[in-house]
Amino acid sequence: MDGLMMDFPLTLDALLRRAETIHGGREVVSRLPDRSWHRTDLGSVAARSKCLAQALQKLGVTDGDRVGTLCWNHFRHLEAYFGIPIGGAVLHTLNLRLSPQELAHIINEAADKVVIVDESLLSVWEAVRPLVAVEHVIVCAETDQVPPGMLNYETLLAECDPATFVQPALREKQAASMCYTSGTAGKSKGVAYSHRAICLHTLAAGLTSSFELYERDCVLPVVPMFHVNAWGLPYVAAMCGAKIVFPGPHLDPQSLVEAITQEQVTVSAGVPTVWISVLKELDQNPGRYDVSTVRKIFIGGSALPGSLIESYESRHDIRLVHAWGMTETTPIGTVSYLRHDQHDDPPTQQSEHRARQGTPVPFVEIRAIREEQQVPWDGRSMGELEVRGPWVAESYYQRPDAADRFSPDGWLRTGDIVSIDPRGVMKIEDRVKDLIKSGGEWISSVDLENALMAHEAVEEAAVIAVPDEKWVERPLAAVVVKSNQAVTAEQLREHLLPRVAKWWIPERFEFVSAIPRTSVGKFNKVALRHQLLDA
Ligand code: AMP
């Protein structure tokens with residue numbers, strides 16, 4: 001049929017043009033390794049992104065070539081987010097917390113042609129370099145000096161001119177970026193994001209029912225830019241024209257709260273462990289910081305305890321918003337907001353609603369499967385979450401052996417065990433591999449952890465399965481007690497009694513000084529199991 005709409009490609013150059021022409025004056029602030037602040041704007045970032053694309057062309061980077069980034073969150077990384085894809089290449093963000101062997105495996109599998117490395121991460125890079133065959137290494141440095149054989153990012157850009165950059169024709173279904181899942185050594189799998197997926201994800205993530213970002217906002221992405229596109233926030237902020245504040249390598253709670261206070265941050269995002277530490281910093285230093293500008297903090301990556309929602313709201317008037325996603329989903333899948341008829345519920349009940357992972361964002365569809373059947377949306381029945389949508393992976397990069405992670409009818413099997421209520425509100429009960437199967441029934445370690453963290457003396461809690469002769473598996477709770485507080489296993493059992501089913505209550509409690517973290521800051525249950533069970 002004729003008379004139709006234009007076939008306008010959903011490619012990242014359109015987002016960049018918008019950032020440059022509509023929001024060119026909006027500030028982009030970065031904290032440098034020496035703790036000083038660097039200030040630029042979206043107009044300059046856009047011009048320099050084109051210079052980066054041109055510099056890569058001069059180095060022989062062409063359509064589909066992979067360019068790795070081993071960088072903290074800062075303005076040059078934002079330039080790479082745009083500059084690499086608009087030149088037709090593929091931005092491959094590298095998790096700087098992986099071991100040299102894991103990084104080498106990922107770089108070799110993705111066949112990165114060029115890697116952009118922060119000067120402050122050169123020691124990480126030196127351990128990787130002998131294990132990989134990268135053609136060029138570009139160093140983001142504050143001085144002219146870079147090690148022999150490497151190129152200086154600023155020198156390369158100074159030799160380019162945005163006005164003479166010739167952008168190749170981009171196809172919306174070509175890869176713009178890629179990221180590896182944060183699995184253990186050798187197991188992580190590559191996910192490639194098309195321009196189309198990122199553009200649509202950016203639109204959906206910017207909705208009022210998602211990140212709800214406005215031009216007047218000031219965004220602090222604490223979530224690393226090497227972890228699933230920093231949840232898409234850099235692209236959403238550039239699209240909306242929000243001011244961006246990048247924390248650089250300074251991710252300790254004190255530096256984060258300083259950044260919030262100084263730059264008057266309104267929106268931030270990160271995994272729960274970060275915000276547990278920030279809360280401690282705020283509580284221990286009443287009156288030192290002004291966080292009154294913060295509207296919302298988006299929490300995802302692992303379950304957000306309802307008690308954390310209540311603590312932020314009651315003590316600091318900050319609203320935490322819970323979201324769920326994965327590397328395979330670009331990542332936003334679901335976001336949790338109160339429904340129209342829940343605003344008058346008592347505060348504790350509201351926190352309970354908001355601690356769920358929420359409803360799928362538009363165009364993402366969910367279902368829960370147990371024994372090959374869809375489980376009913378009754379808010380109780382548990383099954384493995386499957387998702388589909390325009391920014392959900394349909395396969396892994398060069399991993400035909402992982403085809404079983406997709407259902408025959410094309411849904412992604414997430415490995416998360418969930419229940420879904422009649423209005424499509426999803427609640428993560430566990431990871432398939434963390435689920436505790438006791439006497440043929442499932443115990444949700446997430447529910448136990450959240451209930452434990454609601455105890456005033458508990459700073460952190462993680463629950464794992466331990467083998468049991470009678471019940472096959474039983475839960476074991478590892479608990480970090482707040483400094484200057486004390487609590488016994490018996491008191492914790494009493495605390496749990498009204499909150500969870502009686503047979504869920506762990507027999508064993510281990511009081512530990514810290515729960516091990518993964519490379520992206522989540523509780524590392526594999527390491528915890530080794531620590532507690534192997535011992
Ligand atoms: P990653 O690909 O490293 O981002 O990990 C994705 C996994 O993190 C998901 O499959 C979940 O198991 C977990 N996850 C992400 N967001 C949440 C959340 N809000 N609550 C509980 N688990 C989550």
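Between the amide H of THR93 and those of THR69, MET178, distances stay under 5 Å, these residues lying 5 or more places away or on another chain, with hydrogens modeled in the peptide plane.
Here, the chain is characterised by an Rg to Rh ratio of 0.96, where Rg is the alpha-carbon radius of gyration and Rh the Kirkwood radius. For the chain, the antiparallel share of DSSP beta bridges with both residues in that region comes to about 55%.
Checking the table LYS58/LYS189; LYS243/LYS427; LYS50/LYS296; LYS50/LYS113; LYS189/LYS522 against a 24 Å threshold on Cα-Cα, which pairs fail? Pairs exceeding 24 Å: LYS58/LYS189; LYS243/LYS427; LYS50/LYS296.
Counting only DSSP beta bridges whose two residues both lie in the stretch 281-377, roughly 65 percent are antiparallel. For the stretch 434-535, the Cβ-based charge dipole about the Cα centre amounts to some 140 debye (Lys, Arg positive; Asp, Glu negative; other atoms uncharged). In the stretch 115-227, Cα pairs under 8 Å separated by at least six residues give a relative contact order of 14 percent.
Averaging the sequence gap over all C-alpha pairs within less than 8 Å and six or more residues apart, then dividing by the number of residues, gives the chain a relative contact order of 10 percent. The order of the peptides 371-382, 460-471, 65-76 by mean Cβ neighbours within 10 Å, most packed first, is 65-76, 460-471, 371-382.
Taking amide hydrogens as placed 1.01 Å from N in the peptide plane, the amide H of GLU460 sits under 5 Å from those of VAL480, each at least 5 positions away in sequence or on another chain. Calculated accessible area for the stretch 12-251 comes out at 34 Å² per residue, all protein chains present (probe 1.4 Å; ligands, DNA, RNA ignored). Helix 42-58 and the longest principal axis of the C-alpha atoms of the chain enclose an angle of approximately 70°. In the chain, the longest principal axis of the Cα atoms and the axis of helix 75-86 are about 70 degrees apart. Between 0 and 90 degrees, the angle of helix 272-284 with respect to the longest Cα principal axis of the chain falls at about 80 degrees. Rolling a 1.4 Å probe over the protein heavy atoms of the stretch 432-535, with every protein chain left in place, gives an accessible area that is 51 percent carbon and sulfur. Computed from backbone phi, the HN-Hα couplings of the stretch 493-507 come to 4, 4, 5, 6, 3, x, 9, 9, 4, 4, 6, 7, 5, x, 7 Hz, rounded to whole numbers (Karplus: 6.51 cos²θ - 1.76 cosθ + 1.60, θ = phi - 60°; Gly and Pro given as x).
Take each of the peptides 129-140, 236-247, 48-59, average the number of other beta-carbon atoms within 10 Å over its residues, and list them starting from the highest. Show your work: numbers first, answer last.
Working: 129-140: 17.8, 236-247: 24.7, 48-59: 22.6.
Highest to lowest by the protection proxy: 236-247, 48-59, 129-140.
Work from the charge dipole of the stretch 434-535 (Cβ charges, +1 for Lys and Arg, -1 for Asp and Glu, about the Cα centre) and give the residue of ILE436, PHE509, LEU496 farthest towards its positive end. Looking along the dipole axis, the top candidate is ILE436. Quick note on the stretch 420-535: its Rg to Rh ratio, both from C-alpha atoms and Rh being the Kirkwood radius, is 0.96. For a 4.7 Å threshold on C-beta separation, the list of partnerless cysteines in the chain reads CYS71, CYS140, CYS179, CYS199, CYS218, CYS240.
The values are calculated or read from the model by the stated rules, or taken from the named source; none is laboratory data. Quick caveat, the model's predicted, so the values are computed rather than measured. We place every Cβ from the backbone using ideal geometry, glycine too, and count neighbours over all the protein chains shown. In case anyone asks, the SASA skips ligands and DNA or RNA and just uses the protein heavy atoms, side chains included. Shrake-Rupley method; radii C 1.70, N 1.55, O 1.52, S 1.80 Å.
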